[in-house]
Amino acid sequence: MIVGIDDTDSRKGMCTTYLCAVLVDDLKKYGEVSTPRLVRLNPCIPFKTRGNGAVSFEIKTNAEREAEIKEIIRTQVSELSELREEGTNPGVVFIDSNVLKQNREERRGILKRFYENAVREVLTIEDAYGLISELHFDYFGLKNKRGLIGALAAASFLVLQRNFRKPDYYDFTYELIAYRQKERWGTPRVIDETSVWKADAATYPSTWDTVDRGENKIVFAPHSPCPVLFGIRGDSIDAIYKTYKLIHTEPEERKMLFVTNQGTDFHLIRKLETGKEKLRDYHSYILNGVVGSNPRTVEGGHVVFPLSLSEETLDGIECIAYEPTKGFRDIIRELRAGDAITVFGSLKKKTLNLEKIEVRELNLVMEKNPRCEKCGKTMKSAGRLQGYRCKHCGTYRADTVKEVIERVLEEGLYEAPPVARRHISKPLIRMRMRMEGAEKKIHPSR
Ligand code: ATP
């Protein structure tokens, strides 16, 4: 049986991954429990608490014990969820492994679509009920049950990626999450920072986003009152455990390794299906375009610039590197009108929140008003498309002067640093390690 769970926490406490860890540990006496999955869904969803995460695991057991297991899960979800909080709407789905054996390919296709849409599109609770009734899944929910969307997506990810070591499956990474003892929840975390820097140095880049060197900050531990002590992310289980052993902290209650879609960029829509399709809010894209005018810094320290999109049917957009992206803004400030770039990020109100950019072709030509050949003064525009005239002697010239300029910025891919990285965004160091886009120059933030 596969179990998917979501929406049990609030900003004031709990974490759906903790609930999952408790269940995985408790249910081991009933059968073999798989490595749980932690999926990050559409990062633009307004209902999310933090990183729009949902969890799933599989338990191999006999049919007689399934009812008992479901009851344990229902009880734990009801007791541990932050039900007093308005935005907490738990959902749990139970997928009988046998159900998936009939019409296997068709059913896998349905689950694949649902998972992909949950990461890239905006779904409704009705979409979740539609799938539940079509495939006859058992489920359980509380309040408005919105968590069923995430629960189904997490369970689908597990079905699709059961044998996650197969190379042709979705990209995935791991996170080892350590949880705090209950009496410490809400108090400051005791973490020996020196040990974290050393551990990170010993295993980076097989582990990543433990620290942010540019900002001189440890980023693997939250500051919220939730049960998470820290999470170590990476591509190698061995490297993750090596890091774990080197880090000294307050005693933990438990720890759990998750297989996850974090660090994969699965939320990005690469290509619009039809030329006529419009860009939509709450969706994340990879788009090609040309910088419309030089970036400017606005109130709050955010850096913005307009982008004309290469897709002729699309209107231009505004791009923004928010203040929390820190040093990434210095890269953005180096862009100039006419640079051909690719942007990666989420769209809201025609503004794309930049996660990464690729500088494809730098504009090395600067157009300047010409100097008067007679008196040496800078000539002024004589009106739109009407050339240039010297105010002093009246000399006329039709064109601007083109000057080749030096650029500090190099072509290639740049990213927001770990302090500002979304869980689902792929660190450039992963691309380099995997030799993705080998012909491209990759400039990881570290
Ligand atoms: P945490 O990261 O701390 O676990 P969270 O950020 O995951 O919290 P949730 O409390 O799980 O936030 O709330 C997200 C809600 O949005 C859930 O109810 C989930 O079912 C729903 N949801 C997830 N993806 C989508 C989507 N693509 N469309 C509509 N609703 C979604």
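Throughout, read-outs are computed from the coordinates displayed, never taken from laboratory work. Predicted model, so just to flag it, every value in this text is computed and none were measured. Because the Cβ atoms are built from the backbone with ideal geometry, glycine has one as well, and the counts that use them run over all protein chains shown.
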The one condition in (1) of a type in the set (D, E, K, R); (2) under 23 Å from residue 322 (Cα atoms); (3) out of contact with any helix residue (DSSP H, G or I) (no Cβ under 7 Å at 6 or more places or on another chain) that residue 415 fails to fulfil = (3)
Among the residues of region 1-43, which ones are aromatic (Phe, Trp, Tyr) and either free of Cβ contacts under 8 Å to residues at least 24 places away in the same chain or more than 10 Å from the ligand (Cβ to nearest atom) (or both)?
-> 30
Any idea which residue in region 216-250 is nearest to the ligand (Cβ to nearest atom), counting only those that are in a strand (DSSP E or B), closer than 17 Å to residue 51 by Cα and not aromatic (Phe, Trp, Tyr)?
-> 228
Those residues of region 90-99 which are touching a residue at least 60 places away in the same chain (Cβ under 8 Å) and either over 22 Å from residue 111 (Cβ atoms) or hydrophobic (A, V, I, L, M, F, W, C) (or both), in sequence order = 92, 93, 94, 95
Counted residues, region 383-430 - those being over 30 Å from residue 223 (Cβ atoms) and part of a loop (DSSP other than H, G, I, E, B) | 21
